[in-house]
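Each remark here refers to the structure printed beneath this line.
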Amino acid sequence: MDALEIGTLEVPGARLYFEVRGTGPLLLLIAGGGLDAAVFGRLAAVLATDHRVITYDPRGNSRSLLDGPPEDQKVEVHTDDACRLLNHLAAADERAHVFGSCSGALVALELVLRHQGRVRSVIAHEPPAMALLPDAEKHLAFFEDAHEAFLREGVAPALRKLRPAFGGHRAPALPEAQDNNAFFLAHIIRPTTRFVPDLTALAAAADRIVMAGGRDSRTHLIHRPAAVLAEWLGRGLAEFPGGHTGYAQYPAEFAQRLVELLPAATAPAPSPLQG
């Protein structure tokens, strides 16, 4: 299904590229790392049969250009970007279901805390919150080493350094509008793996949050923070087809599972409206 709407939105410090498909309940998909809206193309087409699906390139990736020079990215800034996009595309009293993967999952979790009046539910798929792990120091050093490898040797050696976090495998070829690996390694990997969500605030919003991970990545480092957060929230960890990027490899099955989980993560609207 072709995008019904393509546009850009000016936000402080950047210009966000977005796509909108379908009609029905609002569903925002947030890509992680160096990925962009293209990675959700097939998933969004399936979901758009009964949802109005928003996808976008996070600032600094592909078609979402920065106004100034590249800099380390902040989860909080990306969260405000997502809220501004919803404010632009949704009715004043309309709330969205939100799915985020990898660093996009961190943005989704922050969105339900900082702009709760815009959010019906959040499904957070394998957020890379390594600082939450009991052996956090070792894993943060691992990602720091990959960052330093990028600075010394370039993209390919740094990506090879990252393979153990994903089960030792080479990253699968994914649809993307542009290769953003250099930006990811320079400005995303360190701040996102070090980001610590407000656990107390998340617990208070637990009835609107589903923590999720891939069936094929259960033994991978990238999966572990989702399991820790699910335990903290007192909820089970929802399993999706595939691994860390199962949404791109198994779009129909992934969409079915996502829609199944939405009712379990939907709570009554907060009052008064916030965000």
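Kindly state, to the nearest 0.05, the FRET efficiency for residue 50 paired with residue 152, given R0 = 45 Å and r defined as their beta-carbon distance. Efficiency, from the Cβ-Cβ distance: 0.40.
Quick check: from the Cα gyration tensor, does the chain come out rounded (a/c under 1.5), prolate or oblate? It comes out rounded by the Cα gyration axes.
Take 211-224, 145-158 and order them by the average number of nearby Cβ atoms within 10 Å per residue, most first; the result is 211-224, 145-158. In order along the range 73-83, the phi-based Karplus estimate (6.51 cos²θ - 1.76 cosθ + 1.60, θ = phi - 60°) of 3J(HN,Hα) comes to 8, 10, 4, 4, 5, 5, 5, 5, 4, 4, 5 Hz; Gly and Pro are listed as x.
Which of the trypsin sites (Lys or Arg not before Pro) found in the range 1-86 are loop residues per DSSP with 15 or fewer other Cβ atoms within 10 Å of their Cβ?
Numbers: sites: 15, 21, 42, 52, 59, 63, 74, 84; in loops: 59, 63, 74.
Loop-located and lightly packed - 74.
Placing unit charges on the Cβ atoms only, positive for Lys and Arg and negative for Asp and Glu, gives the range 120-189 a dipole magnitude near 180 debye about its Cα centre. Only protein atoms count toward the accessible area here, which uses a 1.4 Å probe; on the chain, the carbon and sulfur part of that area reaches 53 percent.
Quick one: check the C-alpha center-to-center distance for the range 71-148 versus the range 177-203, whole angstrom. The range 71-148 and the range 177-203 have Cα centres separated by 8 Å.
Computing FRET efficiency as 1/(1 + (r/R0)^6) for residue 71 and residue 253, where r is the C-beta to C-beta distance and R0 is 35 Å, gives about 0.40.
Only helical runs count toward this figure. For the chain, summing -39,500 (n - 2.57) over DSSP H runs of n ≥ 4 and dividing by all residues gives -10500 deg cm²/dmol at 222 nm. Summarising the amide proton neighbourhood of residue 240: residues at separation of 5 or more, or on other chains, whose placed amide H is nearer than 5 Å comprise 213, 214, 215. For the chain, a Gaussian network of Cα nodes joined below 10 Å ranks 182, 171, 91 by mean-square fluctuation, and the top entry is 91. Amide H contacts for residue 123 (H built 1.01 Å from N in the peptide plane; partners 5 or more residues away or on another chain; cut-off under 5 Å): 98, 99, 100, 210. Simple point charges give the picture: +1 on the Cβ of Lys and Arg, -1 on the Cβ of Asp and Glu, and for the chain a dipole about the Cα centre of about 380 debye.
Ordering 202, 250, 12 by Cα displacement along the dipole of the chain toward the positive end leaves 250 in first place; charges were set at the Cβ atoms of Lys, Arg (+1) and Asp, Glu (-1).
Could you give the size of the charge dipole of the range 1-76 about its Cα centre, using +1 on the Cβ of each K and R and -1 on the Cβ of each D and E, expressed in debye and rounded to the nearest 20? Intermediate results must be reported in sequence, preceding the final value.
On the way: 7 positive and 11 negative charges, 37 e Å.
So the magnitude is around 180 debye.
The values are calculated or read from the model by the stated rules, or taken from the named source; none is laboratory data. As the structure is a prediction and not an experimental result, all values here were calculated from the model. Every residue, glycine among them, receives a Cβ derived from its backbone with ideal geometry; neighbour counts consider all protein chains shown. Areas reflect the complete protein model, heavy atoms only, side chains present, ligands, DNA and RNA absent. Shrake-Rupley method; radii C 1.70, N 1.55, O 1.52, S 1.80 Å.
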